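Let me begin by presenting the structure, written as structure tokens, before commenting on it.
Each value in this text was obtained by applying a stated rule to the coordinates, not by laboratory testing. It should be emphasised that the depicted structure is a prediction, and the values quoted were computed from it without experimental measurement. Reconstructed Cβ throughout: ideal geometry from the backbone, glycine too, with neighbour counts over all protein chains shown.
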Amino acid sequence: MSIRLYTPATGLPDLEVKIAYGIARIGLEAFGEKKGEIFSIEDLGGHYEIEFFVDESEFDTLEKTINLVLKKVFSSFHVQRMTPGVTSKSQNNVTVYAGEEYSLNIYQKAFHRWANKSGENICKHAGSPIRNIIALSSATSYHNSRDFIDLQSYKTSKASYLQRSTDRKNICKTCGMLSLLGIWFATFVMNFGENKEVMIIPVPEGKIMSSDLRRIFSIQHLVRRDRISGKAPERVLPLLFFSRLPSSANVLEKFNLLITVLERAGGQGYRVDGFYTVPTSNYIEFINSSPFNIAIVDTMIRRMSAENVTLTSLLHLNSAVHYKNKKSASLFARQYVLETSSEGKVNLLYPETAKYFLRRVFMVKEEILNSTAVKSFAKTLGYFVWNKNYQNYSFADGIRNARTEKEMSEILQRLMREAKLRYDQESKEEQKGEGMQAERPHIPSAKDLEELNRLMKDSFEEVKAALYLLAFSYESHKKIYVGEDTNA
Ligand SMILES: [Zn+2]
């Protein structure tokens, strides 16, 4: 015994899911007191089935509730004004007026006819039409000409040309209002730069339950109207978004994110600047595995806002996290140190973050991560990263690019020679008592070298990655104890 309702299969993925959330919200208002799960939402391949676990006779309760809720939420312009993609002109279309009656009856039938007849609403409901607005479905309005989406070609006797489609794409007002309700309760809205807004819509993967959606309802206000620097590349929005959510956000693992960037061009209407879908699990894994990972993102956000620059390290981090791309993880480490250091201080990665990438992207064994030999060489390598006076990335870069053990051992020999030279020089400076306290590099022992060579026989790439990432982290900066310190 249950009530099943279906979204109208308009072919517009964002509109469908918003209508489903609107209907779900009505159900929560109607049956929220009941114990246990109230409904499920299932993706039927482009449209959704919402099943309420109540007796069919309770349909009347839903009918009463939809009218109460829509009147309560949308009889003034407040919500409309707060919703990206609703202009002062279009807000009249999505407002509930006295005397209007709404019904969920139209969602009782699953549609099997996909194509539209000309002139009918794209939801195929007969109700009074409103013109679809960009807030309800951005998919209809994408007109970034570079992508040739939603363009039609026209021919005149003189020329042929491409133009934005002028299909009116009307929907019925019930679909419009439920979609707006879905936005208000279950999407994340953030400001982006000076004149853009981001709408992040969680799209269910498979089946979700009412408790999942309740958890979304309870966290979605946390980021409402947060501002993201306009210098952030659009691609990194999911990473910045997750870095601002609490750990309870792992409910989003059951969803993909549909991200829409809307731009208010010259204070007038809206245009769609970005429209794409991302899976969430890799982002959630990164954010949840260590608070230091969030701190790293925060550091970059602060630097980006303070200096109003775009950081390429953010792009590398995004593809290291999202695609688990090894090259990006290495480039991120290097670029992060370059872009977040200041005149006086070299900023390094937290060891926890370096180890996250070593474990999850490079699949490095614990034996290598815990090896004294690896740590020892990473310290020496790191000296030429964090010591301002002798900064020289060529050793680290050489290790990253080494393709054979022979190449590797040549670089390690050069590194050892240079380190010994600096060690002697710093020791002399200290004896003269000149300047700052001397900082001598750590010198690996003969045993370390032997052990490193043994590890490289089986795990060449893993050892390379470990040396490189640890060198760019504070692991390489830990207090260096030298056995025979004659100046002590
Ligand atoms: Zn409709």
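General observations
- Multiplying the residue separation of Ser342 and Lys34 by 0.36 nm and subtracting their alpha-carbon distance yields 105.2 nm.
- Derived scalar couplings ³J(HN,Hα) [segment 350-357; Karplus, 6.51 cos²θ - 1.76 cosθ + 1.60; whole Hz; x for Gly, Pro]: 5, x, 4, 6, 4, 5, 4, 5
- FRET efficiency for the pair Leu421 and Lys231, taken as 1/(1 + (r/R0)^6) with r the Cβ-Cβ distance and R0 = 45 Å, rounds to 0.60.
- Asp273 long-range amide H proximity, modeled H, under 5 Å: Val261, Leu262, Glu263
- With the charge dipole of the chain set up from +1 on Lys and Arg Cβ and -1 on Asp and Glu Cβ about the Cα centre, the Cα lying farthest toward the positive end among the listed residues Gly269, Tyr336, Leu245 is that of Gly269.
- Over segment 154-273, volume per residue of the alpha carbon convex hull, in Å³: 171
- Dipole magnitude (debye, nearest 20) for segment 290-477, charges at Cβ of Lys, Arg, Asp, Glu: 360
- Scattering profile of segment 1-63 at q = 0.14, 0.26 Å⁻¹ [log10 I(q)/I(0), Debye over alpha-carbon scatterers]: -0.38, -1.09
- Calculated FRET efficiency for the pair Ser290/Glu56, C-beta based, R₀ 45 Å, to 0.05: 0.35
- Residue-wise HN-Hα coupling along segment 43-48, computed from phi with Karplus coefficients 6.51, -1.76, 1.60 (Hz; x: Gly, Pro): 6, 9, x, x, 9, 10
- Shape of segment 290-477, Cα gyration tensor, a/c cut at 1.5: oblate
- Each Lys and Arg Cβ is given +1 and each Asp and Glu Cβ -1; about its Cα centre, the chain then shows a dipole of about 1180 debye.
- Secondary-structure-derived ellipticity at 222 nm for the chain, considering helices only, amounts to -13500 deg cm²/dmol, per-run term -39500 (n - 2.57) for DSSP H runs with n ≥ 4.
- Mean Cα-pair separation over length for the chain, i.e. relative contact order, pairs under 8 Å, 6 or more apart, %: 12
- Loop-located trypsin sites (Lys or Arg not before Pro) in segment 31-80 (DSSP state other than H, G, I, E, B) with a sparse environment of at most 10 neighbouring Cβ atoms within 10 Å: Lys35.
- Computed E for Met82/Ser118 - FRET, C-beta separation, R0 45 angstrom, nearest 0.05: 0.80
- Each label was represented as a point 7 Å from its Cα along the Cα-to-Cβ direction; for Ser160 and Asn308 these points are 4.6 nm apart.
- Applying a DSSP loop filter and a limit of 14 other Cβ atoms within 10 Å to the GluC sites (Glu not before Pro) in segment 28-131 leaves Glu33, Glu37, Glu101, Glu120.
- Candidates per trypsin sites (Lys or Arg not before Pro) in segment 331-432, loop by DSSP, up to 11 other Cβ within 10 Å: Lys345, Arg403
- Viscosity 1.306 mPa s, 10 °C: Kirkwood-radius Stokes-Einstein D of the chain over Cα pairs, µm²/s: 61
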